[in-house]
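Working notes, structure below.
The values are calculated or read from the model by the stated rules, or taken from the named source; none is laboratory data. Here the structure is a predicted model, which is why all the values come from computation and not from measurement. Cβ placement follows ideal geometry from the backbone for every residue including glycine, while neighbour counts extend to all protein chains displayed.
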Amino acid sequence: MEEVLEVKKEQPVNLLTKENVILLACSLFLGVLFDFLFFDKPMGISCPIFVVVFYGILLWNMKKHLVLKLDFAWLLSIPVLALSLTFLIFSNNVFRVLNILAIPILIVAQTVLISRNNKYRWYSAKFASDVIIGLFGNTLVHVFKPFMILSGLIKRKAAPGKYAVASKIFIGLLISIPLLLVVTMLLASADQVFSHYLGNIPDFFENINIEDFIAQTILAFIICVTSFSYIYSLSAPKIQGIEVAPEELKPLKRVWDPVIITTVLISINIVYVFFTFIQFTYLFGSLDLGLPKDFTYAEYARRGFFELVFVTLINLSILLGCIGFAKQGGILLDRILKVLKSLLVACTMVMLVSAHIRMTLYEEAYGYTYLRILTHAFMFFIFALLLVALYKIWVDKVLILRWYIVITLVAYVLINYVNIDVIIAKQNIERYHKTQKLDISYLTELSYDAVPYTVELLKDKNRAIAGGIENDLFLKKENLKKKNHWQSFNISEAAAKRILAKYELKYDPEKSRTYFDSRMD
């Protein structure tokens, strides 16, 4: 018996709804606002303003589809707003560039989750595909919708009987133009004040930069279309047959033999236990007890730091591999594996502490830089990941990727708010007072966050140090004078401007001669 398949025709979606028209108007407002806030202006308070307005429009449009609850999706608002506020609070250019990328990605991840447009759970590695599709795929699918809505509006408004009225208005304008020219010339001759104001009209048009106007128009147009397409895609009718509900995570296929893994872990742990014993002798005890001949603290630190960090990453990879891919053995073998994996975690933590001490020694010898501060932060980050891995070893039901994502988000927001420039300035100045060594060129590369601390060196007895700092602060002060847009307001810059206003600074290239410390690349 043949089956007869009934083919249902999909009903065309009505785009000319009140919600879509309002969304198009709001998207146009977003485009104009983006141009007003960001075009040819450094980012400052403009960033949190735009993010808040964007969220307001997005939430209004999706109000019928959203369910407000305390979960990961809604809590993502915290890092998004926190990162946008860094443009108002700090002036670190490194994190500004990173946050320009991080904020849109987090917004897309959150909106995909709260609108239930995700196919995978947020703690699945495959969720990255949902974010990519949401960012590019769904937006491109609906990119022509604004033009279709606009075309529909024009057709609806322009009823056949109104064409005659429009043509008559056009004819009236054609007749008015020569009359206006004659009347305007006569009035200008009759009244000098009217003639004066009339003469200023060409000046207004001269002040308009045509290239900037075209660029701003294109920018506003792109933001308008992109905003509408993306927001519309979140609540648009789903194509039949596509799975939109999150699927349950499937367990990884375990292929690693437990006996082989046990043998490997025993072998490497023997080496690591011996290494740990050495570390307690050298670093956690007294270095003077057994430091090799002709080794300085700094040299000892430099030779071992990167190797230890690399081994730590190898150990973390082995550990995660064992957790995810090792087959289940007998009860005794499983307990042995848990002990061996825990020992691996413990030894790796010792390596991290050793690397931390080595970097501290190196900083005391050669000063503080972005790379050195960030390596400390990275080691704390790895330490936190190891703690979660240790918990996972003994409590198998823990979803490790979920915790790793949360830890990564928290760590990234925290490193933004630690204010690395201030740490570098304070520590290097403190080290200078103790050792009389200072890399003045590196200090002058710091952002406005460091100004409240570097001004102290203007009174330094060393003319080279004081002169180099004065030149740098002079240039910073002059640069701050050029920032007169309220959209670019930044607390760090405002504080620096207020402090520098108290000093009479001069620029003299001859004052910049100074000495340099050698520092690790």
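Tabulated values for the structure
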{"quantity": "Failed item, numbered, when E445 is tested on (1) among the acidic types (D, E); (2) in contact with an Asp or Glu (Cβ under 9 Å, 6 or more places away or on another chain); (3) part of a helix (DSSP H, G or I)", "calculated": "(3)"}
{"quantity": "Matching residues in the range 391-408 - criterion: being part of a helix (DSSP H, G or I) and either surrounded by fewer than 19 Cβ atoms within 10 Å (Cβ to Cβ) or of a type in the set (D, E) (or both)", "calculated": "Y391, W394, I400, L401, R402, W403, Y404, I405, V406, I407, T408"}
{"quantity": "Given (1) at pLDDT below 80; (2) under 30 Å from F72 (Cβ atoms); (3) out of contact with any helix residue (DSSP H, G or I) (no Cβ under 8 Å at 6 or more places or on another chain), number of the condition F306 does not satisfy", "calculated": "(2)"}
{"quantity": "Some residue of the range 399-415 being touching a His at 6+ places or on another chain (Cβ under 9 Å) and not small (G, A, S)", "calculated": "no"}
{"quantity": "Long-range neighbours under 7 Å by Cβ, at least six apart or interchain, first residue closer than 15 Å to L320 by Cα and of a type in the set (S, T, Y) within the range 338-361, second assigned to a helix (DSSP H, G or I) and modelled with pLDDT of 85 or more", "calculated": "S342/L390; S342/I393; T348/L386"}
{"quantity": "Check on A466, in contact with an Asp or Glu (Cβ under 8 Å, 6 or more places away or on another chain), surrounded by fewer than 20 Cβ atoms within 10 Å (Cβ to Cβ) and assigned to a helix (DSSP H, G or I)", "calculated": "yes"}
{"quantity": "Subset of the range 448-463 (residues that are among the basic types (K, R) and part of a loop (DSSP other than H, G, I, E, B))", "calculated": "K461"}
{"quantity": "Test: residue in the range 471-488 that is surrounded by fewer than 16 Cβ atoms within 10 Å (Cβ to Cβ), outside the structural domain of F380 (by TED's automatic domain parsing), part of a helix (DSSP H, G or I) and aliphatic (A, V, I, L, M)", "calculated": "yes"}
{"quantity": "Counted residues, the range 343-382 - those being in contact with a His (Cβ under 9 Å, 6 or more places away or on another chain) and aromatic (F, W, Y)", "calculated": "1"}
